[in-house]
Amino acid sequence: MMYLQRLFLKINKRTSRKDNMTEKEKSSMIMASSHFLFEQFPDNFYKWSEKKLKEYCSNHAWKPFEYCDGEEILEYIESLSEDVLAFTKQQKG
């Protein structure tokens, strides 16, 4: 998939995060956040605004990511979450 298509899908996913995240997607995001933050996302993170998510990422960045801005960290979290979900789906065949 081309970069711009992935970017567009990611933007669409962000705008609709509150409305249609599955339990697997929520769990995957929480798990992925623990790889970049010293305190993972709470269970209700999906109800937060984009601004609050970015602030949380900035304020809870794990030391190797403390100089990244919240948006960049959130992108890392989303990317890992999507990769885990895709891998899991592929393994189920």
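Throughout, read-outs are computed from the coordinates displayed, never taken from laboratory work. None of the values given here were measured: they were computed from a predicted structure. Note: ideal-geometry Cβ built from the backbone for every residue, glycine included; neighbour counts use all protein chains shown.
Evaluating 6.51 cos²θ - 1.76 cosθ + 1.60 at θ = phi - 60° for every residue in the range 56-67, the Karplus couplings come out as 4, 4, 5, 7, 10, 5, 5, 2, x, 10, 5, 9 Hz, glycine and proline recorded as x. Between the beta carbons of Asp83 and Asp43, assuming R0 = 30 Å, the FRET efficiency works out to 0.85 to the nearest 0.05.
Using a cut-off of 20 Å between Cα atoms, the listed pairs Lys24/Lys89; Lys52/Lys89; Lys47/Lys92 include Lys52/Lys89; Lys47/Lys92 as exceeding that distance. Close amide-amide hydrogen proximity is noted between His60 and no other residue 5 or more places distant or on a separate chain, at a cut-off under 5 Å (H modeled in the peptide plane; Pro and chain starts excluded).
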